[in-house]
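Undergrad: Let me begin by handing over the structure; questions about it come next.
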Amino acid sequence: MSVHGQLLLRHHTPFIRFWLARVFTASGFQMLTVAIGWQMYSLTGNVLDLGLVGLVEFLPKILFILLTGHVADRFDRRKVAALCQCGQAIVAITLLVGSSTGSLTREMIFVIAFMMGTARAFEMPTTQALLPNIVPPGLFPAAVAASSSAMQTATIVSPALGGVLYAVAPAWVYGPALVLYLIAVGMMLSLPSQQKPLKQKISVESLLAGFRFIRSRPEVFGAISMDMFAVLLGGATALLPVFAKDILLTGPWGLGLLRSAPAVGALLMSIYLARHPIERRVGPVILGSVAIFGVATIGFGLSTSLWFSLTTLVLLGAADMVSMVIRGAFVQLQTPDDMRGRVGAVNSLFIGASNQLGDFRAGVSAAWFGTVPAVLIGGFGAIGISLLWIKLFPALSNRDRIRDPLVGDEKAS
């Protein structure tokens, strides 16, 4: 991208508001997640309850998968996103009052987790579909990278901040999180409205349109499915505590570094891609990034040094960000505006399922074959996926540009 293009994005006021809204929302969510985990464990002392909280938060994505995308396409996406953020603000208020009065119970936390999961199930495809309505197509790849950096920034900073504030008092977490959500609501509602809402009434046909569209486009289906299977096979996050304690012989501080390392790599890569977006040979690049993800996973599995492990995880996070940015821009620009919400909902489900099932796969493999073999199997599996997808999806592997000359407001040169 030219320097002029970078300046356009940097001084594009609607995008800056959108980016800040995402930073504040993601930060609020990360702070709430840390605090809810500590709150639940302090109430019950049961590790299983922590896993159940995550499962309850994920459940709405499955229950409302057909509805979330339709809502994003049929109604004003700014208002839908703002309403979801208001829902999460209500969660923060409920936690603030419950923790201050001592009335918070295990069952209430499960209900609150379901509420937050529901709000995020509607928010994620809506904000994904909203971005193309804000920035012009020529700036979109850089905007996706810059938008992704918001999530990585929140992932690195906010959990630690939430933990420090919770150590003072729970109200010190829930109060600031509430303020962040309210600011995000104001910024989201201030965005310009350029969407043409879907006129079609809700029906089985319209609800399933997202699945059918993805299946009908080999490049889109290939990009989404490749990421899902690569993360499903290569994910090793669930095994980090085992590596930290038994292999790398470090303590909780080392585990914290291991958990932050992929986000650091992803953040650095997203900053680079925002300034130098990938405009050519996107098919080979996304396939190569998945292969590098697998190689980094193998390196991590073989490592017995904390610092080498951190290096491999930074590389892993950077490679995953390349794949995520290209896939995000590619899917959004290949999808007509009136279907972006439904396609985004399916994409979000695939991503969420791969992360959850990937942790489950890693745990089962570790129980069967051992911790290190489980990670190595995942790494080689991710490499195998990238090679297999070259054969299964030649349209994706031969793709040159992100934008389709038949889709969008202007033709790619």
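The values are calculated or read from the model by the stated rules, or taken from the named source; none is laboratory data. The shown structure was predicted, so the numbers you read here are calculated from the model rather than taken from an experiment. Here Cβ is always computed from backbone atoms with ideal geometry, including for glycine, and neighbour counts include all displayed protein chains. Protein only, heavy atoms only, side chains kept; ligands, DNA and RNA dropped before computing areas. Shrake-Rupley method; radii C 1.70, N 1.55, O 1.52, S 1.80 Å.
Undergrad: If only one of Thr94, Thr101, Thr153 is open to solvent by 30 Å² or more (accessible area, probe 1.4 Å), modelled with pLDDT of 90 or more and not hydrophobic (A, V, I, L, M, F, W, C), which one is it? Even if it seems obvious, please write down each step before you answer.
TA: Details: Thr101 fails: modelled with pLDDT of 90 or more; Thr153 fails: modelled with pLDDT of 90 or more.
Step by step, each of Thr94, Thr101, Thr153 is checked, and only Thr94 is open to solvent by 30 Å² or more (accessible area, probe 1.4 Å), modelled with pLDDT of 90 or more and not hydrophobic (A, V, I, L, M, F, W, C).
Undergrad: Another question about this same structure. Could you say whether any residue in segment 213-225 is surrounded by 13 or more Cβ atoms within 10 Å (Cβ to Cβ) and either part of a loop (DSSP other than H, G, I, E, B) or modelled with pLDDT under 70 (or both)? Step through it out loud before you land on a result.
TA: Of segment 213-225, the ones surrounded by 13 or more Cβ atoms within 10 Å (Cβ to Cβ) are 213-214, 217-225.
If we keep only those that are either part of a loop (DSSP other than H, G, I, E, B) or modelled with pLDDT under 70 (or both) too, we end up with 217.
Yes, there is a match, as at least one residue in segment 213-225 is surrounded by 13 or more Cβ atoms within 10 Å (Cβ to Cβ) and either part of a loop (DSSP other than H, G, I, E, B) or modelled with pLDDT under 70 (or both).
Undergrad: Being surrounded by 21 or more Cβ atoms within 10 Å (Cβ to Cβ), among the small types (Gly, Ala, Ser), under 26 Å from Ala209 (Cα atoms) and modelled with pLDDT of 90 or more narrows it down to one residue among Ala81, Ala121, Ala177, Ala129; which is it? Before you say what the answer is, go through the steps one by one.
TA: On the way: Ala121 fails: modelled with pLDDT of 90 or more; Ala177 fails: under 26 Å from Ala209 (Cα atoms); Ala129 fails: modelled with pLDDT of 90 or more.
When all the criteria are applied, what remains is Ala81.
Undergrad: Follow-up question, since we're still on this one. Does Ser260 satisfy the criteria of being open to solvent by 20 Å² or more (accessible area, probe 1.4 Å) and within 19 Å of Ser149 (Cβ to Cβ)? Give the derivation first.
TA: Numbers: open to solvent by 20 Å² or more (accessible area, probe 1.4 Å): yes; within 19 Å of Ser149 (Cβ to Cβ): yes.
For Ser260, the condition - open to solvent by 20 Å² or more (accessible area, probe 1.4 Å) and within 19 Å of Ser149 (Cβ to Cβ) - is met.
Undergrad: Consider Ser309 carefully, then state whether it is more than 30 Å from Gly138 (Cβ to Cβ) and surrounded by fewer than 22 Cβ atoms within 10 Å (Cβ to Cβ). Walk me through how you get there before you give the answer.
TA: On the way: more than 30 Å from Gly138 (Cβ to Cβ): yes; surrounded by fewer than 22 Cβ atoms within 10 Å (Cβ to Cβ): no.
Judged against the criteria, Ser309 is not a match.
Undergrad: While we're looking at this one, here's another question. Have a look at Leu83, Leu104 and point out the one that is touching a Gly at 6+ places or on another chain (Cβ under 9 Å) and either closer than 25 Å to Pro176 by Cβ or in contact (Cβ under 8 Å) with a residue 24 or more places away in the chain (or both). Reasoning before the result, please.
TA: Details: Leu83 fails: touching a Gly at 6+ places or on another chain (Cβ under 9 Å).
Just one listed residue meets the conditions, Leu104.
Undergrad: Has segment 45-58 got at least one residue that is at pLDDT 80 or above and open to solvent by less than 40 Å² (accessible area, probe 1.4 Å)? Steps first, answer last, please.
TA: The first filter runs over segment 45-58 and keeps only residues at pLDDT 80 or above, leaving 56-57.
Filter once more, so that each one left must be open to solvent by less than 40 Å² (accessible area, probe 1.4 Å): 56-57.
Scanning segment 45-58 turns up at least one residue that is at pLDDT 80 or above and open to solvent by less than 40 Å² (accessible area, probe 1.4 Å).
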